[in-house]
Amino acid sequence: MNLTELNKIATAMVAPGKGILAADESSGTIKKRFDAIGVESTESNRRDYREMLFRSKEAMSQYISGVILYDETIWQAAADGTPLVKLIESSGAIPGIKVDEGTQALPMCPGELVTVGLDKLAERLKKYYERGARFAKWRAVIDIGSGIPSMTAISVNAHALARYAALCQAAQIVPIVEPEVLMDGDHDIDRCYEVTQRVLNKTFQELRVQRVALEGMVLKPNMAISGKKCAKQASVEEVAEKTIRLLKACVPAAVPGIAFLSGGQSDEEATAHLNAMHKLGPLPWGLTFSYGRALQAAPQKAWSGKAENVAAGQSAFSHRARMNGLASRGEWQS
Ligand code: 13P
């Protein structure tokens, strides 16, 4: 493992003014997104859509540091035969790959999930590296509800995240470690804070036990935020203040970067929260976005599967990327 090189890539992923485009929706998830805009989820439609994003010159060259791809996409070529990975590289962004294989029910823990995909991961990482991937992503899902999460669910998911991260670093790939505490539910921001703290502490404990070099990884956490159905929604300032307090308490300064998921926040909220956090600096790590929905909802709507809307889709994507790029410097204004 060349840690200097891993650290260089991790640092580039969270460079000020830039963040990550999470375009790694599984076939099931992208179908849901396409259903919402009345587009059939065929392989060529998925390709056309993602090609549109990766050819958005302004967004890709100025505001996007890296793109997380799904397995299908990393092997796909643009309509003119150029591999999509090459489009991303030539824009100056770094290609990455989602490597978990989704979640399964966790035995003995009703309602809880464990992320799977460790079998043969070393071989898969080797192929992805050869194809150009320089970072990877693994998402663990922790739900908040009555009596959950259990310590069992937190432990097994943290263990798997660390197993994945160690395998990535051995394959010279920067792991994005994503323990997502869901914002579904009616819990308040303090309950989210408390659960996320347990999850992050357990995750870093496992990362240490399994000898993962913190300098060669990126953390992708949720923010400390009110549950979607909570009657009392915390303000932008409270989300920013509590999230920074939480991360300072749990994330060692050796970690080069933190890139948030959007998790169901509206486009504007996701931007406003990141921006407000940068008003609380200086911060010990790079802090930016790794948004899926909060970057893609607008371009999906503008595109709606029509070739004549490609320019409108690209301009909607570039707008959100620019807003989040500004927020990653604390320079966004509503
Ligand atoms: P959202 O920003 O839509 O939560 O997606 C980010 C992601 O990669 C979740 O794994």
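The values are calculated or read from the model by the stated rules, or taken from the named source; none is laboratory data. All values derive from a computational prediction rather than experimental measurement. With ideal geometry, Cβ positions are generated from the backbone for all residues, glycine too; neighbour counts draw on all protein chains shown.
Would you say Pro95 is in contact (Cβ under 8 Å) with a residue 12 or more places away in the chain, over 30 Å from Glu241 (Cβ atoms) and outside any loop (DSSP other than H, G, I, E, B)? Steps first, answer last, please.
On the way: in contact (Cβ under 8 Å) with a residue 12 or more places away in the chain: yes; over 30 Å from Glu241 (Cβ atoms): yes; outside any loop (DSSP other than H, G, I, E, B): yes.
So Pro95 passes the test.
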From the option list Val39, Val67, single residue qualifying as within 16 Å of the ligand (Cβ to nearest atom), at pLDDT 95 or above and not hydroxyl-bearing (Ser, Thr, Tyr) is Val67
Only one of these is within 16 Å of the ligand (Cβ to nearest atom), more than 15 Å from the chain's Cα centre (by Cα), under 24 Å from Val177 (Cα atoms) and surrounded by 16 or more Cβ atoms within 10 Å (Cβ to Cβ): Ala327, Ala298, Ala321. Name it.
Ala327
Counting only residues that are within 16 Å of Glu178 (Cα to Cα) and in a loop (DSSP other than H, G, I, E, B), which one in segment 244-271 is farthest from the ligand (Cβ to nearest atom)?
Pro252
Show the residue pairs that are 6+ apart or on different chains and have beta-carbon atoms under 6 Å apart, the first residue being within segment 305-334 and of a type in the set (D, E, K, R), the second being in a loop (DSSP other than H, G, I, E, B) and surrounded by fewer than 18 Cβ atoms within 10 Å (Cβ to Cβ).
Arg329/Pro16; Arg329/Gly17
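I'd like the residue in segment 126-157 that is part of a helix (DSSP H, G or I) and more than 22 Å from the chain's Cα centre (by Cα) and, out of all such residues, is surrounded by the fewest Cβ atoms within 10 Å (Cβ to Cβ).
Per the criteria, the residue is Glu130.
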Any residue at all in segment 161-181 that is crowded, with 19+ Cβ neighbours inside 10 Å and acidic (Asp, Glu)?
yes
Mind checking which helices (runs of 4 or more DSSP H) fall wholly inside segment 1-84 and carry at least 2 residues that are within 18 Å of Phe317 (Cβ to Cβ)?
27-36, 43-54
Long-range neighbours under 6 Å by Cβ, at least six apart or interchain, first residue touching a residue at least 12 places away in the same chain (Cβ under 8 Å) within segment 146-172, second hydroxyl-bearing (Ser, Thr, Tyr) and in a helix (DSSP H, G or I):
Ala158/Thr203; Leu161/Thr203; Ala171/Tyr129
From Leu219, Leu214, Leu200, Leu207, which residue is in contact (Cβ under 8 Å) with a residue 40 or more places away in the chain, more than 22 Å from Ala270 (Cα to Cα) and buried (at least 21 other Cβ atoms within 10 Å of the Cβ)?
Leu207
Among the residues of segment 279-289, is any hydroxyl-bearing (Ser, Thr, Tyr) and within 16 Å of the ligand (Cβ to nearest atom)?
yes
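Could you run through segment 99-108 and say how many residues are surrounded by fewer than 16 Cβ atoms within 10 Å (Cβ to Cβ) and either in contact with a helix residue (DSSP H, G or I) (Cβ under 9 Å, 6 or more places away or on another chain) or in contact (Cβ under 8 Å) with a residue 24 or more places away in the chain (or both)? Quick ask: steps written out before the conclusion?
Applying the first criterion (surrounded by fewer than 16 Cβ atoms within 10 Å (Cβ to Cβ)) to segment 99-108 yields 102, 104-105, 107-108.
Checking which are either in contact with a helix residue (DSSP H, G or I) (Cβ under 9 Å, 6 or more places away or on another chain) or in contact (Cβ under 8 Å) with a residue 24 or more places away in the chain (or both) leaves us with 102, 108.
Number of matching residues: 2.
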Taking segment 201-228 and keeping residues in contact with a strand residue (DSSP E or B) (Cβ under 7 Å, 6 or more places away or on another chain) and over 23 Å from Leu121 (Cα atoms) leaves Asn222, Met223
Does segment 8-24 contain any residue that is within 16 Å of the ligand (Cβ to nearest atom), farther than 20 Å from Ala297 by Cα, buried (at least 17 other Cβ atoms within 10 Å of the Cβ) and under 21 Å from the mean Cα position of the chain (by Cα)?
yes
Selection over segment 74-94 where residues are in contact with a strand residue (DSSP E or B) (Cβ under 7 Å, 6 or more places away or on another chain) and more than 17 Å from Gly19 (Cα to Cα) yields a count of 5
Residue, nearest to Ile176 (Cα to Cα), within segment 199-242, restricted to residues that are β-branched (Val, Ile, Thr) and in a loop (DSSP other than H, G, I, E, B):
Val212
Qualifying positions in segment 109-125 - exposed (fewer than 14 other Cβ atoms within 10 Å of the Cβ) and either in a strand (DSSP E or B) or not β-branched (Val, Ile, Thr) (or both):
Pro110, Asp119, Lys120, Ala122, Glu123
